[in-house]
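S.K.: My questions will all concern the structure given below.
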Amino acid sequence: MDDLREKVIEKLQTIFDPEIPVSIYELGLIYEINILPINNVQIVMTLTAPGCPAAQSLPVEVDQKLREIEGVNDVHVAVTWTPPWDKSRMSEVAQVELGWL
C-alpha cells in the first residue's frame, strides 16, 4: 500500500492549479490520501477559495489522473472547505517556487 500511496503522490504532483503554477499537492490542497482495500483510493481535497474557477475541473482531473495508475481499482474524490485552505498549508517547495521564501 505504501508503494501505491507514493504513486498517488507522484501523480498528484503533476496536477497544477490553473491560476498558480504549483502542483495541488505542494499547494497543500490535498488533505487526505487513503488507500483502502483492493486498491481503492480516497482523496479529500480543498481548493484555494470557494469561488475558485477550477472548482469543477480540478476534482475531475484528480479522479482521472489517479485512475491512470496501474493497480488502482477505484477513486473517490471529496472536496471539503473545512478547514479552509490558507498559505500556511503550502510546502516549502511551493513557497520557493512562488518566491515567498
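Quick grid of which residues meet (1) small (Gly, Ala, Ser); (2) in contact with a Gly (Cβ under 6 Å, 6 or more places away or on another chain):
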position	(1), (2)
Asn39	no, yes
Ile43	no, no
Ala49	yes, no
Pro53	no, no
Ser57	yes, no
Glu61	no, no
Gly71	yes, no
Val77	no, no
Thr82	no, no
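S.K.: Here's something else I'd like to know. Need the failing condition index for Gly71 against (1) farther than 13 Å from Tyr31 by Cβ; (2) small (Gly, Ala, Ser); (3) without any contact (Cβ under 8 Å) to a residue 40 or more places away in the chain, just the number.
M.R.: Failing condition for Gly71: (3).
S.K.: Considering only residues of segment 1-16 that are assigned to a helix (DSSP H, G or I) and either buried (at least 16 other Cβ atoms within 10 Å of the Cβ) or touching a residue at least 12 places away in the same chain (Cβ under 8 Å) (or both), which is farthest from the chain's Cα centre (by Cα)?
M.R.: Per the criteria, the residue is Leu4.
S.K.: Tell me yes or no: at least one residue of segment 25-45 is of a type in the set (Ser, Thr, Tyr), assigned to a strand (DSSP E or B) and buried (at least 17 other Cβ atoms within 10 Å of the Cβ).
M.R.: Taking every residue of segment 25-45 in turn, none turns out to be of a type in the set (Ser, Thr, Tyr), assigned to a strand (DSSP E or B) and buried (at least 17 other Cβ atoms within 10 Å of the Cβ).
Yes/no matrix, rows are residues, columns are (1) of a type in the set (Phe, Trp, Tyr); (2) at pLDDT 95 or above:
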{"residue": "Asn34", "(1), (2)": "no, yes"}
{"residue": "Asn40", "(1), (2)": "no, yes"}
{"residue": "Thr48", "(1), (2)": "no, no"}
{"residue": "Gln56", "(1), (2)": "no, no"}
{"residue": "Gly71", "(1), (2)": "no, no"}
{"residue": "Val77", "(1), (2)": "no, yes"}
{"residue": "Trp85", "(1), (2)": "yes, no"}
{"residue": "Met90", "(1), (2)": "no, no"}
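S.K.: Limited to segment 62-94, what total is found for residues that are closer than 17 Å to Asn40 by Cα and assigned to a helix (DSSP H, G or I)?
M.R.: Number satisfying all stated conditions: 6.
S.K.: To continue, here is another question. Counting just the residues of segment 48-61 that are among the hydrophobic types (A, V, I, L, M, F, W, C) and assigned to a helix (DSSP H, G or I), which one comes out nearest to the chain's Cα centre (by Cα)?
M.R.: Once the filter is applied, the top-ranked residue is Leu58.
The values are calculated or read from the model by the stated rules, or taken from the named source; none is laboratory data. Being a predicted model, the structure only gives us computed values, none of them experimental. All Cβ positions, glycine included, derive from the backbone under ideal geometry; neighbour counts span all protein chains shown.
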